[in-house]
């Protein structure tokens, strides 16, 4: 061994293994290695400390360990010259994280254990890069981070990271949104640089933006489609959705919060009725004739309670004004005879003399009925027509079905504001789509992501030919929460089951989900645990920390304990893309590229220049 190499080894040596207990290693530090920094090859190198890595040489193998702690033990050989007291020696507590083979490639896990007496060294810059290298040969790299401890750049791999489910957690202000933005901005930029046409044709990215953070012109990419939706005003963007897409039974079940066993089968019957009527030559006259026949049956009923209920249904179907615009009452010329339990008109008993029914006002008013041309309004008409059929045949009860129809009616205006049934439009006008839900009411904030996610997932799965779909959900606790007092249990179950299916089965079809949230404990444990890679920023709440500890089992105790004190922009990265957990400092995007999530500074508000 040359003198130069011996000198380098002497500088880098920190001590030797003093005890081996499973994966727990004790290293006695040399007395001359207690400084905080060392000079090596013109660089200022940090000396060994808690949280840093150590290289334990065993033959040709370099075992890499992480320092978990240190303590002082009496040195039996050391004596203070002035006082007859024993000196103390630093002893490091080290856990093995992996090894470097002869080719210099790092592998996580434990291949061999060191022997007592094996020498331990600081990692050279070259070995630091080898340990932190996550990108395979000829792999695509994303240069978005640096090592928090050593400050070296760390490239993240596209394959292993972007083709996986990703979870980004952190309290507000911890840098979570910057991490999400720089990941996808770097991914889109790198892929388009390599082959723009192939990327645009084969990779789709759908971003659900609950707070309007990613809809800026330069955020993520300039080449994207942004849907600025609004339920407050009529001038917002609208999502193109064909009639068949909006009137799909699953879509309608989502919109109306329909129950599986009662309301959903009813909606299927209403859809079948609509299809049967509209497929004929004269749909309007066909519908009028159906209603006239139902009027005949209603006016011949002996049960006044049910008859009044069905007349209320007719009031929902037929116009509430006459041709002059004056309010009307359908039963204005009808009376009820309690003795004979039947309707009368102008002294005529309608059950006994049904030939008089065409003379009634309600029968004649059917001629004023028209289909509005609005897809939801017309479907609601057919739900009432079907409801009349079901009640007449004792197939359904009002209290079981009415909530679904009422929910559909209550969302009618909102649906009209955010969806467009124009057949010439297409949703993925660009392969990167941002759906801005900032100006959408709370109910539709839950409905739209579920509806769109299911639609694009089913379409992608049906036409899967090696293409990818990435669904990005910022502020994921808004729609993936396990607890919500605002919604029925059945609706919550359906919502979670839909996203759980996507995250559990989607990988087989090239569908990958990225979730970002400040409250991981609120999110379904099934969804949290299914992520492949985690970026964990500062979390303080104890329940959130417990959720992370149970979901991410391969984070060591030292790293886990550091999560509440992580500085802004720093995160713990752990998952299948890396061999071991890493503490990363995520690079900050330029101001014009950042999502709109920066913290307001009062100093800027009262600035004299402002």
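The values are calculated or read from the model by the stated rules, or taken from the named source; none is laboratory data. As the structure is a prediction and not an experimental result, all values here were calculated from the model. Please note: Cβ atoms are built from the backbone with ideal geometry, for glycine as well, and neighbour counts cover all protein chains shown.
Look through 597, 550 and report the one residue that is loosely packed, with under 14 Cβ neighbours inside 10 Å and either in the same structural domain as residue 216 (by TED's automatic domain parsing) or part of a helix (DSSP H, G or I) (or both). One residue alone meets the criteria, 550.
Residue check: is residue 167 outside the structural domain of residue 193 (by TED's automatic domain parsing), in contact with a strand residue (DSSP E or B) (Cβ under 8 Å, 6 or more places away or on another chain), at pLDDT 80 or above and crowded, with 19+ Cβ neighbours inside 10 Å?
Here the answer is no, as residue 167 does not meet what is asked.
Among all positions in region 344-354, there is no residue which is under 30 Å from residue 252 (Cβ atoms) and surrounded by fewer than 17 Cβ atoms within 10 Å (Cβ to Cβ). Number of residues in region 298-344 that are part of a strand (DSSP E or B) and touching a residue at least 40 places away in the same chain (Cβ under 8 Å) equals 2.
Criterion applied to 544, 493 was being more than 22 Å from residue 595 (Cα to Cα), at pLDDT below 85 and not in a loop (DSSP other than H, G, I, E, B), and the one residue passing it is 493. The criterion of at least 1 residues that are within 30 Å of residue 200 (Cβ to Cβ) is met, among helices (runs of 4 or more DSSP H) falling completely within region 365-452, by 412-418. Taking residues in region 135-157 that are outside the structural domain of residue 47 (by TED's automatic domain parsing) and within 11 Å of residue 587 (Cα to Cα), and partners anywhere that are in a loop (DSSP other than H, G, I, E, B) and at pLDDT 90 or above, the pairs with Cβ atoms closer than 6 Å and at least 6 places apart or on different chains are 144/587. Residue 143 falls short on exactly one of the conditions (1) in a strand (DSSP E or B); (2) surrounded by 21 or more Cβ atoms within 10 Å (Cβ to Cβ); (3) modelled with pLDDT of 90 or more, and that condition is (2).
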